[in-house]
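First the structure, in the form of structure tokens, and then the observations on it.
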Amino acid sequence: MNFSEVFKQSNQLCKVSPDGKYLATCVQYRLVVRDVNTLQILQLYTCLDQVASMEWSSDSLFILCAMYKRGLVQVWSLEQPDWHCKIDEGSIGLVSSRWSPDGRHILNTTEFHLRVTVWSLCNKSVSYIKYPKACQKGMDFSADGRYMALAERRDCKDYISVFVCDDWHLLRHFETDTQDLAGVEWSPNGCVLAAWDSCLEYKMLLYSLDGRLLSTYSAYEWSLGIKSVAWSPSSQFLAIGSYDEKVRILNHITWKKLTEFEHHPTITNSKAVVFKEVEKRPVIPTEDLSIQQIAMESSLFDIQSKYEIPPLPVQVPVVKPDPDRANPKIGISAIAFSVDNRYLATKNDCMPQSVWVWDMQRLGPTAVLEQTAPVRFFAWDPRRPRLALCTGNTKLYLWSPAGCVSVKVPVEGGFQVQSLFWHCSGDSVVLLGKDQLCLCYMATDEEK
Amino acid sequence: MPESSFEDINNIYVSSTMPPSRQYSQSTIPLLPFRHYIGNTEFCTENNTSECMLYISQELLALGFPSIFFDLNGLRELDVISALNSMYGLLQMHRRAVGMLAELEVEQLRVSSDLHCQQLTNSKLKDQLELSKKENLRLCERERQLEANTKALHHCLKNEKEEVQKLQNVIASRASQYNHNLKRKEREFGKLKERLNQLLTDKKDKKQGMDVLNYVGRSDGKRSQWKTGKTDSRHESDMYKALLNEFDKHQRELMIENAELKKVLQQIKQEMVGILSPKRQSGETQKEEKPKEFTDQQIASDEEEENSFKGTSEMSCEHAREQLSNSIRQQWRKLKDHMANLDNKASLVHLGQGINEEMISKEVHQEEMERLKLEIQQCKDFIHTQQQLLQQQLSTPWDEETAAVLTDCYMLEEKERLKEEWKTFEEQKKNFEMERRTFTEAAIRLGHERKMFEEDRATWLKHQFLNMTFTDQMNLKTQNTLSEYAVQEQKHISSPKTPL
């Protein structure tokens, strides 16, 4: 494992191009484009204000920089550095900005979600979409980039509009039977649209591409409902994480519950391996230092940590949430499938230091990782079943079916890993600190 | 004869002193002899008067009366007065006795009637007791039922309370969520109002627009098309095509899965047939004929089925599917029956009523068990000795030689490597020493040379100085340059003196 130098970034704005060749970072009002392998600066652009959001176009030729306070969006071209494009939303304000899947249209959501403006880079056309809904995930593009689903609300009723991304033709528009539509997500095969209600009601609606309601699923009434949703990459399963600390898996044939994964605080299942991170502060060196320690040249005053496997049964530490607050810190807030469909990683908010990994073939837990600090982020390798996670300290943790390893980021002065994402080839991980970033190259595959 | 009269008197006495525990009806009977004197003149006759008199006086003395005789000159003369007195005393006694008897009779009657009353009341009380006991039991039973009821009701109440608590919690969380949403909406509304105000008061309306250097071509290189009805229908058809493709793919996958499962079922069926037929032939020596027939039939039927099935395996119709599943079920049932038979046989063997073959097999089985047990024991012993040796090694104090040998053998390889490294290190050290020596020698030589040079220079300068002309300044300048050069040279010479 090799670590690169540390570079500056602001606002956690750091993205790898979709073709995997370039790395774009924002430092205040500058946009820096580097080559991913050599990390040399290839291009440098200057925007008019501090960049709030940055996104690559799908063909890796353009970068969008949005400045919400000024209501501006600037687009930069990689091939022609002196090409410029500036979109000014004027007095109507700007709340979010994103590319369309073809990389030639920009969708700007105005302040107060008054409308969505579709700007074209190919011609002079401008389209407007009215009444977009301000919710958790109101807009989603299908994986092949052909269709866009948009949640709308008019006259106190929720609707979903399906647009063809080619020419923004409205394909379907139908009302949904929800109290307060919270999000829409396409299945990876692009044929099923999942729409779910807000947390006050547990309701998951599944629509076919042509607008027919395929199925409705509701696990229980009255208590707080759905917190997170994830499709499996093969579109076979839909995982729903809810506030009752369970993940329910629906199958794509009958759209009924296949199984539910319960996050029990006491782990007694012998098939689940519990990896507990143990920190050990090293003793001040005496004369019998082993040769290994000297050879590693590790800084002897750093906190070293390794994983131990405690014997079952194991108690997972639980943090009880404040019952009076809205959006309580309980329930499954993050779900992610591995790319081979085999594993599912979940995080329960009332067990913030643990990440659970479930085996989808056996439909049971296969590993529970217990860290020393609350887990901030985890992400699966886009090529193989390998999970990277970080807890805000100076270490990067990796899990794979072979085992678990913790790696300290060798940066002078410490590097608090707050977020991370994988390179699309799965060969490297980009680690983001508060205002720094560092690349970790997975050169070798050896793990403990 | 007085003895017989004595006996009669005794009989009378005996009959009159009957125990009072007899029923009162009997007590009225034989008291009559006391009432009237039957006139028994056989006691005293003219012959035995003196004896009678003696007897009577003795009796009277025994009863406490004074003697009825008085002694006159050795002759016993009857004292009539005392005799009459004694008779009178006796009569008094008799009357008293009769009175007492009557009283006793009365007493006895009373007592017996009391007893009768008591007995009646006793039986009545017993009945009452029975009744009250029954009542008590009934009441106890009722109390138990009521207690059970209350417990059940308590339980229900607890459950209801818990439900109420849960619902209250749910309501509370929903309420906080609603409040949160409401506040958020209010805040947004407030911002909206502010913005609206700002826009209405603000004269300058910033127009929105896009400023681009030049338009970029589409990513796929094609031209965009006009929006007409054709494109709309094209979109619709594209969408349906995508859906149909997905359905086709799905159906294909399901067909493949279906075919695989059918294959697996067939394999299972064949294996089951294979398991069943040879077993039935080998076992059951008693019922040889029947099972053979059965297996023959079975095999025949299976073959038939297979043949028929081969014909229909290509078709995936309901009929073929049902046939296959039915045949599998039949085979499974047969297998179960067979297993049940085997279990029965095993239990019979266990009871000792086995057939010869099975007895032998049991013996063989036992021998195997013995052998395995022995093996296990041996392995255990081996492990035990190993453990002991290990303990010994770790705990006992070694003598130096063995200790040295033992510790060394673990680190042998490392020690060898270390030795080699030390060797190379020593060599390098030697080399460095040599080099250092040469350098010091060189430095000393240089020092000498420098000294020589300095001396030469000094003499040369002296000569110059002594032979100084008006070109002094020029010489001085050259001297300066020379001295600088000399200093530089010195520096240059002194530089290799860096420590090794």
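The values are calculated or read from the model by the stated rules, or taken from the named source; none is laboratory data. Since we're looking at a predicted model, the values are computed, not measured. A quick note on method: Cβ atoms are made from the backbone with ideal geometry, for glycine too, and the neighbour counts reach across all protein chains shown.
Would you check if there is a residue in segment A:73-81 being without any contact (Cβ under 8 Å) to a residue 60 or more places away in the chain and within 30 Å of A:Ala388 (Cα to Cα)?
No, segment A:73-81 has no match at all.
Here are some conditions: (1) within 8 Å of chain A (Cβ to nearest Cβ); (2) at pLDDT 90 or above. B:Val216 meets all but one. Which one does it not meet?
All conditions pass for B:Val216, except number (2).
Inside segment A:1-47, counting only strands (runs of 3 or more DSSP E) that do not spill past its ends, which hold 1 or more residues that are outside the structural domain of A:Gln436 (by TED's automatic domain parsing), at pLDDT below 90 and among the hydrophobic types (A, V, I, L, M, F, W, C)?
So the answer is A:2-8.
Tell me, please, whether a residue that is without any contact (Cβ under 8 Å) to a residue 24 or more places away in the chain and facing another protein chain (nearest Cβ under 9 Å) can be found in segment A:146-157.
There is no residue in segment A:146-157 that is without any contact (Cβ under 8 Å) to a residue 24 or more places away in the chain and facing another protein chain (nearest Cβ under 9 Å).
Kindly provide the set of residues from segment A:238-248 that are buried (at least 21 other Cβ atoms within 10 Å of the Cβ) and either free of Cβ contacts under 8 Å to residues at least 60 places away in the same chain or in a strand (DSSP E or B) (or both), ordered by number.
Of everything in segment A:238-248, those that are buried (at least 21 other Cβ atoms within 10 Å of the Cβ) and either free of Cβ contacts under 8 Å to residues at least 60 places away in the same chain or in a strand (DSSP E or B) (or both) turn out to be A:Leu238, A:Ala239, A:Ile240, A:Gly241, A:Ser242, A:Val247, A:Arg248.
Return a yes/no flag: does segment A:211-226 have any residue that is more than 10 Å from chain B (Cβ to nearest Cβ), part of a strand (DSSP E or B) and surrounded by 17 or more Cβ atoms within 10 Å (Cβ to Cβ).
Yes; the residues of segment A:211-226 include at least one that is more than 10 Å from chain B (Cβ to nearest Cβ), part of a strand (DSSP E or B) and surrounded by 17 or more Cβ atoms within 10 Å (Cβ to Cβ).
Quick one: in segment A:197-210, which of the residues that are part of a loop (DSSP other than H, G, I, E, B) and touching a residue at least 40 places away in the same chain (Cβ under 8 Å) is farthest from the other protein chains (Cβ to nearest Cβ)?
A:Tyr202
Hey, among A:Leu61, A:Leu114, A:Leu78, which residue is more than 30 Å from B:Lys203 (Cβ to Cβ) and at the interface with another protein chain (Cβ under 10 Å from one of its Cβ atoms)?
Sole residue among the options that is more than 30 Å from B:Lys203 (Cβ to Cβ) and at the interface with another protein chain (Cβ under 10 Å from one of its Cβ atoms): A:Leu61.
If I filter segment B:195-213 down to residues being within 7 Å of chain A (Cβ to nearest Cβ) and part of a loop (DSSP other than H, G, I, E, B), which single residue comes out as surrounded by the most Cβ atoms within 10 Å (Cβ to Cβ)?
If we take residues in segment B:195-213 being within 7 Å of chain A (Cβ to nearest Cβ) and part of a loop (DSSP other than H, G, I, E, B), then B:Gln208 is surrounded by the most Cβ atoms within 10 Å (Cβ to Cβ).
Restricting to segment A:48-60, give me the number of residues that are out of contact with any Gly (no Cβ under 9 Å at 6 or more places or on another chain) and either of a type in the set (D, E, K, R) or assigned to a loop (DSSP other than H, G, I, E, B) (or both).
Going through segment A:48-60 one residue at a time, the tally reaches 6.
Please go through (1) over 24 Å from A:Val355 (Cβ atoms); (2) touching a helix residue (DSSP H, G or I) at 6+ places or on another chain (Cβ under 8 Å) for A:Thr216 and return the number of the only condition it doesn't satisfy.
Going through (1) over 24 Å from A:Val355 (Cβ atoms); (2) touching a helix residue (DSSP H, G or I) at 6+ places or on another chain (Cβ under 8 Å) one by one, A:Thr216 breaks only (2).
Condition check ((1) of a type in the set (D, E, K, R); (2) assigned by TED's automatic domain parsing to the domain that holds A:Cys26; (3) in a loop (DSSP other than H, G, I, E, B); (4) surrounded by fewer than 21 Cβ atoms within 10 Å (Cβ to Cβ)) across all residues:
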{"residue": "A:Glu79", "(1), (2), (3), (4)": "yes, yes, yes, yes"}
{"residue": "A:Cys85", "(1), (2), (3), (4)": "no, yes, no, no"}
{"residue": "A:Arg98", "(1), (2), (3), (4)": "yes, yes, no, yes"}
{"residue": "A:Gly103", "(1), (2), (3), (4)": "no, yes, yes, no"}
{"residue": "A:Cys122", "(1), (2), (3), (4)": "no, yes, yes, yes"}
{"residue": "A:Asp140", "(1), (2), (3), (4)": "yes, no, no, yes"}
{"residue": "A:Gly145", "(1), (2), (3), (4)": "no, no, yes, yes"}
{"residue": "A:Leu150", "(1), (2), (3), (4)": "no, no, no, no"}
